[in-house]
Each structure stands twice: as structure tokens, then as C-alpha cells.
Ligand code: GDP
């Protein structure tokens, strides 16, 4: 299933926005039946063009930012970490306000110019409109700047499908997370950027019955105890709870990953605490090397042994949770 995040366009400064609008308008010339009519037609077209460019561009900016509707808490949490939701909402509201004011102003001045009886009145009306438009757009200079900076930061928002049931894979580095994601996925997982990790997250998909599931690898995120993270990193990591429906935690009893079981179990406890309420499936990987007598699912991400069982466990767990909660997936 393909899912593309809405692209946020380049945000112009207030000066650039005004330049763009007035420049476009300055090229317009209309012919009428006499001088007054020509002046009027040209002025009306210039005013409509400049006003529409400004309100249309601002509207487009506002609509291109991710929304914070129910079911989109994951985005909201990451936007909070990256730029601050309240500040972003305020700035977008200022842009929205300016777009609406521009349209109001445009209607009022178009009306005035339409009713003008003299060429000078037409010029006067258009000039006044331009002046008021400039001061309106100047007023939102700071908000445009904030939104422009936010755009750069939000490029780190991962492209994930918030509507799909999602499995998040956790465990120390080298225990076999990426190998398992690859094994579970029908196509090669894509790497999506994620705040506070240069490695990004691996996003794969698999199908069971008619339903598509999303599997996410978390290198650099869920591979160190949460207690060792600073507040902001922790928030960026815990945002995954809004995305995950189940966590598969991988242990490597062979310890060939370089981490002792004792430490791996401590990480498991930390993840359990941080993601309280989310079901966690504990899996022992590298069964081709070491097989313990524990009750956990045993797999080899390398040979594929046991991987179908993990998928089966995920699917049945999510179905049960779904039934218990009496809901359909987000
Ligand atoms: P990640 O850092 O947790 O994503 O770990 P990787 O998936 O990159 O795996 C780390 C190393 O362990 C790689 O060299 C894999 O080939 C190896 N590996 C992963 N799963 C298995 C397994 O089931 N058996 C064996 N023998 N090696 C494995």
C-alpha cells in the first residue's frame, strides 16, 4: 500500500509573497470601451489576481501541514517534539486569518472600484487596496517565518500509514530486528526519516487475509533503555505508542549481538514500562545458534524458521484486541 505524506510547499516570506502577487498583477492590462472602462477592468483584474494569489497561497500553506485529528496523535506528538503544536497552530491560524481578511478586503475594494465614476477614483481604490494588503501580509511576517522553519523540521516526520494495524520491532542492536522486518515483509522495507535518529525507521508491509499490516524496525530508538534518554528523545520514542498496535521484542540468547541476556531483559522491562498497555510479544531469535528451554516463541530471522508463527501471533492478538475493544482498526 502506498502512502505519501502531504508535501509542505516552500514558505515565502511576507516580502516575497507580496512581490509575487504584485508582480503577477502588474503584467495585467485590459481593454474596455473607453478610458474609464479600460482602467477599471485592468484595476479589477490586478486586484483580483493579487488578492487571490495571497489568499490562495496562504490557504495552501495551512492545508499542507499535517493535521492533529483523532487517530493522528502520532503526528501531533512528533510535531510537539519538533516544533511545538500550540505555536504551530497559532502561526497557521494567523495565516488563515490573513487569507480570510484578504478575501474580505478584496471583495470590498472590488465593489468600490466597480462603482467608481472617475479614473482617479479607480486608481485611488486600487492603491488603497494594495496598501492595506501589504500591511495585512506584513503583520503575519513572524508567523510565516515560524511556519517556514517548522517546514524544515517536519521533513523528519516519517511517512507511515496511520490507518494500518502496525507492529513495531524492538530489541538491542544486532539481535536481528531488520532481518525480521525483511522476513515478515512482502516487499523490501523502505527507510523513513525519524526525529533524533540518523538511521531512520524501516517500514515494511505484509498481508494476511484481506488485511495489510505495517511492520516497523526501530534502529537507534528502541535499542537502548528509555531511562538513558533525555526528555525530548524519550518523547520522540514514546510517540511510537500512538503508531504501534503490538510490539515484537527480540531477544538474542546467543549473545552474538554483543549484549548479555541480563541487559536485554532489562531493556525489555524498560520497554514494557514505557509502553504500558500495549501487547508485547517476546521472541527469541537466532534459534539456529542457541535454543533455550523458555516458553518464548523461537525463531531464526536468518533461515525464516518460526517467522510465520510470529505473524500468526500478531494477527490473532490484534484480532482479539480488536474484538475486545469492539472497534475496527484505526
Ligand atoms: P538489528 O541491528 O537488530 O536490526 O540486527 P540485524 O537484523 O542487522 O542482524 C544483525 C546480525 O545478526 C546480522 O549479521 C544478521 O545476519 C544476524 N542474524 C539475524 N538474525 C539471525 C538469525 O536468526 N540467526 C543467525 N545466525 N544470525 C542472525
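The values are calculated or read from the model by the stated rules, or taken from the named source; none is laboratory data. Keep in mind that what you see is a predicted model, and the values were worked out from it rather than measured. Glycine also receives a Cβ, built like all others from the backbone with ideal geometry; neighbour counts cover every protein chain displayed.
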Identify all residues within the range 289-315 that are more than 12 Å from the ligand (Cβ to nearest atom) and part of a loop (DSSP other than H, G, I, E, B); write none if there are none.
292, 293, 294, 295, 296
Which numbered condition residue 101 misses (of (1) within 16 Å of residue 18 (Cα to Cα); (2) in contact (Cβ under 8 Å) with a residue 40 or more places away in the chain):
(2)
How do the pairs read when you match residues in the range 285-303 that are within 12 Å of residue 253 (Cβ to Cβ) with residues anywhere that are part of a loop (DSSP other than H, G, I, E, B) and more than 10 Å from the ligand (Cβ to nearest atom), using Cβ under 6 Å and keeping only pairs 6 or more apart or on different chains?
290/253; 292/253
Can you name the condition, by its number, that residue 276 falls short on among (1) farther than 13 Å from residue 167 by Cβ; (2) over 26 Å from the mean Cα position of the chain (by Cα); (3) away from the ligand (no atom under 16 Å from the Cβ)?
(2)
Kindly establish whether residue 177 is surrounded by fewer than 22 Cβ atoms within 10 Å (Cβ to Cβ) and either within 16 Å of the ligand (Cβ to nearest atom) or not assigned by TED's automatic domain parsing to the domain that holds residue 310 (or both).
no
Meets criteria (under 20 Å from residue 75 (Cβ atoms) and without any contact (Cβ under 8 Å) to a residue 60 or more places away in the chain) for residue 201:
yes
For residue 191, all conditions in the list (1) within 16 Å of the ligand (Cβ to nearest atom); (2) in contact with a strand residue (DSSP E or B) (Cβ under 8 Å, 6 or more places away or on another chain); (3) assigned to a loop (DSSP other than H, G, I, E, B) hold save one; what is the number of the exception?
(3)
